[in-house]
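The values are calculated or read from the model by the stated rules, or taken from the named source; none is laboratory data. Because the structure is a prediction, the values reported are computed rather than measured. Note: ideal-geometry Cβ built from the backbone for every residue, glycine included; neighbour counts use all protein chains shown. Heads up: the accessible areas ignore ligands, DNA and RNA and are worked out on the full protein's heavy atoms, side chains in. Shrake-Rupley method; radii C 1.70, N 1.55, O 1.52, S 1.80 Å.
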Amino acid sequence: MAAIKILPEVLSNKIAAGEVVERPASVVKELVENAIDAQSTAITVDIKNGGRSLIQVSDDGAGMSRDDALLCLERYATSKLQDEESLFAISTLGFRGEALPSIASVSRVTLTTRLHEADEATEITVSGGTIKNVKTAGAPPGTLIEVADLFFNTPARRKFLKSANTEMGHITDIVDAVAMCRHDIHFKLTHNNKSLRNLVRTAAPFDRAAALLGREVRPYLHPVEYADDRISISGWISSPAITRSTSQKIHLFVNGRAIKDRGLQYALFEGYRGRLVKGSFPVAALFLAIPYDRVDVNVHPTKNEVRFADQRQVYEALKTAVSNTWAGETRPPWEHGPETDGPETDRAETDSTGVPADRLSGEAARNQGVPAEVAERMAEYPRMRDVMLPKADEVKPSVNEALFSQPITGEPPPALDSDPSPAETVETASPAGGKGFFSGLSVVGQFQQTYIVCESPEGVVFIDQHAAHERIVFETLKRRQRDGRPASQGLLVPETVELGHTAAAALSPLLPEFLQFGLEMEDFGQNTFAVKAVPAVVADADITPMIREMGEKLSESGFAPDTDTLLDTFLIIMACHGAIRANRRLSEQEMRTLLVQLDACENPWHCPHGRPTSVNWGMRTIEKAFKRIV
């Protein structure tokens, strides 16, 4: 084994550069953050060849003296830390003293800087970490840093760089992220002398955020405001109808620093619980202000990650801030589409999830005349109904009467004070008497025994009967649990359910909590549970798969959510298993009853999983399809 020795400074700088300088975007991030810390009001970033040839960042900040300019190129030299205490209360973006020497060790750097009160500037040239020249120069106040030939002396790193367009995409993302939380600074970005960003200073933070999140998203951004004794949160989040397939449009900031934190993202999704389909990501720009001594930004050399002293409190605050935003949401989600063409009664060509009509051109839309969104959801249900289900005339009338003689849930809608009789339900659900959106619709019929077709003054509304009833059952269960009066139905013979070891171990501690909504279970030993009673609203559901799914969901969770979140998850599972299914014929009375109960829900627009309960096919869409309008 070779003897231990001290590494040469040039080599140690290159190793440090491997942590700090991952790609050209890393250089831009470090230099722009230094410019912000220098109290700049205008920052210009000029890029050549995706950053391979040149990265130039100039600002009108404080500038540096000759001595400070020389010191800033030494490792661990910084003006932002004074003592050990300040290390644990960082208020600046840069502080480690590694950025400039690390960048200079793997490129050719020219630093030109001038104090506002100075008559001349200082220019320093560095190549591969070695200072080549120091001289006076003429330059405006502020600092200009040119980084040329990045990784010229580390060809192994240079060959891993992507195309110029790919690297430029990362640089643009960095500039956008930094600019989003500093609306008081004018940012310019050019690539090969072509302007990509020219973000002028603005007094309104929303204008900067909306400009970067996208013009089409701007009308559908909702403000978020929250504050307690430890944290304040502000920003904007998109309507649940406006989503992306990745998390790239989720921007999180802590004390002005753009960060990536899975826990905060999870809290954001929890705030959208029941409103987002799995795999969809909202658009968001959220700014968290936390006391500097309660957050550790010295976790990673790139400073993209942070650690909170009160992690649970921060996550809960963000979850609450987002969920509170939707507390007063009353408009149907299809009024939040990404395009509008005038008044609400003259909406643009979009469906309920905001998908433009030109995407409704699949075989289902052409051949069957229905929206692609509806056709896609139909595909989720079994196509073997003719084999698996009896024909309507084969079902005994007595069975039908037993199933449908009461409202669908078997108990009152979540927001009604008393159990309505079937006759009262029909009367309340009539278009003339209904006060809510859904109860005011005219029922046309049932499509494919899966969707309820209704007429509204603005067009046709398709209602997914499973998703709608799932929402009704979920809120009924939740209300019963909240009121402490679970409606439970005992089983004549307890049903035993065997789980895997991990699922059983995770489920066992929560057995007392299940009693809150009428589910009585006891540990039967050997990873087996005996189910003795179930909530009345899901009494007809198949118990074994429901309990098994509960255990699996709990055991596979990558986080440790609070009890309320876990119980919500289990309520969702029970609601899914207890709701009416697709391919089930409903009478007109049952359809009307479902609409009344849907109106009584706190969130009638989404099932607990986040899927929409209804889709609107507006008159404008219909008339354009028939070429009645252009």
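So, of the residues in the range 515-547 that are charged (D, E, K, R) and in a loop (DSSP other than H, G, I, E, B), which turns out to be least open to solvent (accessible area, probe 1.4 Å)?
ASP542
Within the range 112-140, count every residue that is part of a strand (DSSP E or B) and either out of contact with any Asp or Glu (no Cβ under 7 Å at 6 or more places or on another chain) or open to solvent by 30 Å² or more (accessible area, probe 1.4 Å) (or both).
The total comes to 16.
State the number of residues belonging to the range 247-292 that are without any contact (Cβ under 8 Å) to a residue 24 or more places away in the chain and either in a strand (DSSP E or B) or within 10 Å of the chain's Cα centre (by Cα) (or both).
Residues flagged as without any contact (Cβ under 8 Å) to a residue 24 or more places away in the chain and either in a strand (DSSP E or B) or within 10 Å of the chain's Cα centre (by Cα) (or both) within the range 247-292 amount to 2.
Among the residues of the range 269-283, are any surrounded by fewer than 16 Cβ atoms within 10 Å (Cβ to Cβ) and at pLDDT 85 or above?
Within the range 269-283, not a single residue is surrounded by fewer than 16 Cβ atoms within 10 Å (Cβ to Cβ) and at pLDDT 85 or above.
Looking only at the range 97-111, filter to residues that are assigned to a strand (DSSP E or B) and not aliphatic (A, V, I, L, M); which one of those is farthest from VAL57 (Cα to Cα)?
ARG108
In the set VAL630, VAL615, which member is farther than 24 Å from PHE517 by Cα and at pLDDT 80 or above?
VAL615
Confirm whether ALA137 is over 24 Å from ARG23 (Cβ atoms), aliphatic (A, V, I, L, M) and at pLDDT below 95.
yes
Give the range 449-477 a look and list any residue that's within 30 Å of VAL534 (Cβ to Cβ) and more than 29 Å from the chain's Cα centre (by Cα), or say none.
Once the filter is applied, which keeps residues that are within 30 Å of VAL534 (Cβ to Cβ) and more than 29 Å from the chain's Cα centre (by Cα), the range 449-477 yields GLN449, THR450, ILE452.
Among all residue pairs at least 6 apart or on different chains, which show Cβ distances below 6 Å where the first residue, located in the range 507-523, is under 14 Å from ARG480 (Cβ atoms) and the second is surrounded by fewer than 23 Cβ atoms within 10 Å (Cβ to Cβ) and hydroxyl-bearing (Ser, Thr, Tyr)?
Within 6 Å, the pairs are GLY518/SER488.
Conditions tested, residue by residue: (1) touching a strand residue (DSSP E or B) at 6+ places or on another chain (Cβ under 8 Å); (2) within 16 Å of ARG257 (Cβ to Cβ); (3) modelled with pLDDT of 85 or more; (4) open to solvent by 30 Å² or more (accessible area, probe 1.4 Å).
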site: VAL57; (1), (2), (3), (4): yes, no, yes, no
site: MET64; (1), (2), (3), (4): yes, no, yes, yes
site: ALA69; (1), (2), (3), (4): yes, no, yes, no
site: SER79; (1), (2), (3), (4): no, no, no, yes
site: ASP83; (1), (2), (3), (4): no, no, no, yes
site: LEU87; (1), (2), (3), (4): no, yes, no, yes
site: THR92; (1), (2), (3), (4): no, yes, no, yes
site: VAL106; (1), (2), (3), (4): no, no, yes, no
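Looking at (1) in contact with a Leu (Cβ under 8 Å, 6 or more places away or on another chain); (2) exposed (fewer than 14 other Cβ atoms within 10 Å of the Cβ), find the lone condition where THR190 falls short.
(2)
Which one of these does ALA25 not meet: (1) more than 24 Å from THR130 (Cβ to Cβ); (2) surrounded by 19 or more Cβ atoms within 10 Å (Cβ to Cβ); (3) modelled with pLDDT of 95 or more?
(3)
Output the number of the condition that LEU491 fails; it satisfies all remaining conditions of (1) more than 35 Å from the chain's Cα centre (by Cα); (2) modelled with pLDDT under 80.
Condition not satisfied by LEU491: (2).
Which residue out of LEU586, LEU554 is surrounded by 15 or more Cβ atoms within 10 Å (Cβ to Cβ), touching a Leu at 6+ places or on another chain (Cβ under 9 Å) and at pLDDT below 80?
Being surrounded by 15 or more Cβ atoms within 10 Å (Cβ to Cβ), touching a Leu at 6+ places or on another chain (Cβ under 9 Å) and at pLDDT below 80 holds for just one of LEU586, LEU554, which is LEU554.
Which residue is modelled with the lowest pLDDT, if the candidates are limited to the range 296-317 and must be of a type in the set (Val, Ile, Thr), within 19 Å of ILE250 (Cβ to Cβ) and crowded, with 19+ Cβ neighbours inside 10 Å?
VAL306
Across the range 220-242, which residue is modelled with the highest pLDDT among those that are crowded, with 20+ Cβ neighbours inside 10 Å and of a type in the set (Ser, Thr, Tyr)?
SER238
What residue, of ARG208, ARG201, is basic (Lys, Arg) and open to solvent by less than 70 Å² (accessible area, probe 1.4 Å)?
ARG208
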